[in-house]
Amino acid sequence: MYVAAYDGRLIALDALTGTRLWEVNTTGDTPYYTITGAPRIADGKVIIGNAGSDFGTRGFFSAYDAETGRLAWRFYVVPDDPHKPNEEPELALAAPTWSKDRDWSKGGDGNPWDSFSYDPETELLYVGTGNGGWLDQPDNLRKGDELFVCSILAIHVKSGRMAWYYQTTPGDIWDYDATQNMILADLTVNGRPRKVLMQASKNGFFYVLDRVSGQLISASNYVRVNWTKGIDPKTGRPIIESAANYTQQTRLIFPSANDQQRRSSRNRRRAGCSGNAGRLPAVLFISRRAALAPGVHRHRNSGAASEL
């Protein structure tokens, strides 16, 4: 049995006796890292990510040998200070999408804080990455796509190298993580069988990707959306609405962000921060109500849903 602890430890236990077999500290001594997702077992490895995308950390995920706990490989989601060498070849692709003038004393976030998916046939691990650091780094305004935040990554589980990526929200300033659960299925699309990956993303769109190549098959909004006009089917990129830029004035944006963001917006207003002072002005997010399928009703008190 493999258990991920909130404080960053990954622990292997004997499932019959509960005896601890090995334990590793996956996040080191750097503050603000936590673990909030479940480990994924694949190809004799235990893969685990971390959280901390609102605290100036640098997101990564790691694979450990299931028998010994030895580190097999590690993948950093975002680059480090451009004056330092890249730990992996994929970061050479990511680095030009970041501003060299940003405050590199803080990490670029992108933490993969939820669970992963795995396809044993293709031996690809699928990882959803977290938001860019809009909350903890208001001075680091977006000047590029900032790979690989808000992305779905396909990773060769044996080597830890990337097969492909798809970024759902380039240059994220809305906290639109792409960490939501990814469903793998074999579907018939336009009369031909396709191996697909599906995700209902936090940015309000339901994505269907070819999980072998990363090609976008479709993207349709499942809630009200006004930060983009839609997803360009040729490029796979969102067509950003000018009204979605709240860095100069307060905007009403759909879909909503989380409560932490709304509290942070209120706190910034109370503190008298403004765009002229190098801080983001207030941004108003409106909560969305999840659309339930026909025959499914929400209990008023518990918030749970049941099928009638």
Query raised in the report: Sorted from fewest to most neighbouring beta carbons within 10 Å, what does the list Ser151, Ser218 look like?
Result: Ser218, Ser151
Query raised in the report: Distance from the Cα centre of region 199-242 to that of region 48-78, in angstrom?
Result: 27 Å
Requested in this report: Can you tell me the relative contact order of region 2-230? Whole percent, Cα pairs under 8 Å, sequence separation 6 or more.
Outcome: 13 percent
Requested in this report: Sum up the charges of everything whose Cβ sits under 9 Å from the Cβ of Arg211, counting Lys and Arg as +1 and Asp and Glu as -1, but leave Arg211 out.
Outcome: 0
Report task. Taking a cut-off of 18 Å between Cα atoms, list the lysines near Lys143, but don't count ones fewer than 8 places away on the same chain. Result -> Lys100, Lys106
Report task. Classify region 74-210 as rounded, prolate or oblate from the Cα gyration tensor: take a ≥ b ≥ c as the square roots of its eigenvalues, call it rounded if a/c is under 1.5, otherwise prolate when a/b beats b/c and oblate if not. Result -> prolate
Requested in this report: Would you calculate the separation in nanometres between label points at Asp210 and Ile11, each defined as 7 Å from the Cα along the Cα-to-beta-carbon direction?
Outcome: 4.5 nm
Query raised in the report: What's the exposure ranking of Asp65, Asp109, going from fewest to most Cβ atoms within 10 Å?
Result: Asp65, Asp109
Report task. Place a +1 charge on the Cβ of each Lys and Arg in region 2-230 and a -1 charge on the Cβ of each Asp and Glu, then give the dipole magnitude about the Cα centre in debye, rounded to the nearest 20. Result -> 560 debye
Report summary line: A chain fully extended from Asp232 to Asp65 at 0.36 nm per residue, minus the present Cα-Cα distance, gains in nm 56.0 nm
Report task. Filter the trypsin sites (Lys or Arg not before Pro) in region 104-203 down to the DSSP loop ones having no more than 16 other Cβ atoms within 10 Å, then list what survives. Result -> Lys106, Lys143, Lys158, Arg161
Report summary line: As straight-line cross-link partners of Lys158, the qualifying aspartates and glutamates (C-alpha separation under 20 Å, not fewer than 8 residues apart within one chain) are Asp43, Asp65, Glu67, Glu87, Glu88, Glu90, Asp119, Glu121, Glu123
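Taken together, the values in this text are just the output of simple stated rules run on the coordinates, not laboratory data. Predicted, not measured: the structure shown is a model, and the values here were computed from it. Every residue, glycine as well, gets a Cβ built from its backbone with ideal geometry; the counts of neighbours run over all protein chains shown.
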